[in-house]
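A short reminder: the numbers here are calculations on the coordinates, not readings from a lab. All values reported here derive from a predicted model rather than from experimental measurement. Cβ sites come from the backbone with ideal geometry, for glycine too, and all protein chains shown count toward neighbours.
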Amino acid sequence: MNGLMMDDFPLTLTLAARRAERFHGHRRVVSRRPDHSLHETTYGELIGRARRLSGGLAELGIKRGSRVATLLWNQPEHLELYFAAPAMGAVIHTLNPRLHPDELGYIIDHAEDQIVVVDETLRPVLEKVATAKSLEHEVVVAHSDPVPAEATPYEELIEGSGPADWPALDERTAAAMCYTSGTTGTPKGVVYSHRSATLHALNAALPDALGISSRDVVLPVVPMFHAFSWGLPYASALTGAGLVLPGPHLDPVSVLDLLAGEEVTITAGVPSVWMPMLTALDDEPARWDLSKLGKLVVGGSAAPPSMIEGYDRHGIELLHAWGMTEMSPLGTACHVPADIGELPEPERTAYRARQGTAVPLVDIRARNDDGEVPWDDSTMGELEVRGPCVASGYHGGEGADKFTDDGWFRTGDVVTIDERGCIRVCDRSKDLVKSGGEWISSVDLENALMGHPAVAEAAVIAIPDERWGERPLAVIVLADGEEPDVESLREHLAGQFAKWQLPESFEFVEAIPRTATGKWKKTELRERFVPAGASASAQGPPRG
């Protein structure tokens, strides 16, 4: 016996656009322009422009399945394309302007992008891309400079077109593409469907995920060119939450001015944005009224307990989340369970520093060489995930080794899982330090080091050791005015780690290199601090 429901009602992103237009057309969408001026519109106006934009794209030859590349900031034109391209059956492909031009060229051609929409401030990035053979058209979002003769002005594309009649689409139709960072091999294309993007937006809005509602004002600091901006624009459109887009300005003062001025209730980004912002707040606590800000979501890499405690001082709740491009990207969120909410503050903070439990529609397990690991919070294994918002493969059929024979995605993150299903990411599998046959978590050491008052940032890498195989090396950026003091750092760690787990040595640098998505670029640190041709053998663990 089958259910008698409307199963022919497809889950497409057109639903989000129509709902935003019909039910929340009055809600504001505020954006900061490159010149720092504010641009204001509403969902109703924005979706109306998106319909005309679809018509303009069609006149340039864009049809179902065509790839529309974007080289844009978090700005209203990007949001218009978030709706216009998928709703007409095309595929929006968000490009990361921080990538090397050769990598951008490879990605554009691999995706077979037919058109690129670029902000005038990012045209210098595009001009350096020499290998993009697939591109047929360039559309420029102009602010002050004239549009080159060979390009089409964005506004002209909209003003010269009537509103498109968006077609009915199968929910499994491709809606968007985003490429992985390519830290291990060439970048790989993740292809999101309308169904996965819609389910992910609904999932993100749930209370035990990010809890977005019509009463919220959301500021995505996470770029719109990175994994659908964590689904925040679509979740906001579905629920009717107001949106604030920061444009290219992610310095602490610019972000804080927007958070306070627009009375933002939820914001989200990576620790490399939140750490300097915390410093600015500590320096001038009375400058900004953040009383409306109920939730600061952090993902991309672990937030140390010191950061959680720092925002607590300002009455701001930091919510840990974890995910990957291949997961749309939300996978877990760390809400403290009601029955353990009365823990002493240090234990409560330690729990909040974990990555959390799987959000609904995401299934998890961890495995090592012995099979699936128990949920005992001590046995480590590589995290594997599955669900309707998780990729089943990559564009072009690459990376098949990332998927198990029984249909799970191998994340590459090494975790422990407690009895509640709450995960703690110990490391990326390639970043674990294997010393004398025992694993040392670089993430745990980094978080502990960043709890030292003299440390602004810390990254830990493995260096070869003839006796133990590998030993940890700590790379430190000192806080302003601080001097190197290795003994103080060792003493700080000694209360939390066994002696054999402590870093073998410390290096002090002006800055730690970052990837295009704001994570520590440990490959560059290894190139700098690991001697060329170094090798190692291993004995038992360096106890004592």
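Things worth noting here:
- Projected label distance in nm at residue 482 and residue 372, using a 7 Å step from Cα toward the beta-carbon: 4.3
- Dipole magnitude (debye, nearest 20) for segment 76-216, charges at Cβ of Lys, Arg, Asp, Glu: 640
- Rounded, prolate or oblate (a/c below 1.5 giving rounded, otherwise prolate when a/b exceeds b/c) for segment 433-529 by Cα gyration tensor: oblate
- Cα centre as origin, Lys/Arg/Asp/Glu Cβ charges: the chain dipole, Debye: 980
- Cβ-Cβ FRET estimate between residue 526 and residue 100, R0 fixed at 25 Å, reported to 0.05: 0.85
- Positive dipole terminus of the chain, leading residue within 205, 14, 461 (C-beta point charges): 14
- Counted residue by residue at 0.36 nm each, then reduced by the alpha carbon distance between them, the extension gain from residue 64 to residue 420 reaches 123.7 nm.
- Among 231, 91, 426 - extreme Cα towards positive end, dipole of the chain, charges at beta-carbon: 91
- Among the listed pairs 133/521; 292/521; 188/522; 63/188, a Cα-Cα separation exceeding 27 Å is found for 133/521; 292/521.
- Projecting label points 7 angstrom from Cα along Cα→Cβ for residue 168 and residue 36 puts them 5.3 nm apart.
- Here semi-axes √(5λ) of the Cα gyration tensor in Å was computed from the coordinates, and among [x] 36, 35, 30; [y] 39, 25, 25; [z] 48, 30, 20 the match is [y].
- Once the Cα-Cα distance is subtracted from the 0.36 nm per residue extended length, the residue 338 to residue 429 segment shows a gain of 29.5 nm.
- In terms of its C-alpha gyration tensor, segment 328-478 has an oblate overall shape, because the principal axis ratio a/c (a ≥ b ≥ c, square roots of the eigenvalues) is not below 1.5 and a/b does not outweigh b/c.
- With a simple spin-label model that places each label point 7 Å from the Cα along the Cα-to-Cβ direction, the separation between residue 109 and residue 127 comes to 2.2 nm.
- Trypsin sites (Lys or Arg not before Pro) within segment 385-441, DSSP loop, no more than 16 other Cβ atoms inside 10 Å: 420, 430
- Dipole of segment 433-529 computed with +1 at Lys/Arg Cβ and -1 at Asp/Glu Cβ about the Cα centre; of 500, 477, 488, farthest Cα towards the positive end is 500.
- 19 Å Cα-Cα reach of residue 499 towards lysines, excluding residues that sit fewer than 8 places from it in its own chain: 434
- Here segment 433-529 is assigned +1 on the Cβ of each Lys and Arg and -1 on the Cβ of each Asp and Glu. Its dipole about the Cα centre then comes out at about 460 debye.
- For the chain, the mean residue ellipticity at 222 nm estimated from helices alone is -8000 deg cm²/dmol, where every DSSP H run of n ≥ 4 contributes -39500 (n - 2.57) and the total is divided by all residues, rounded to the nearest 500.
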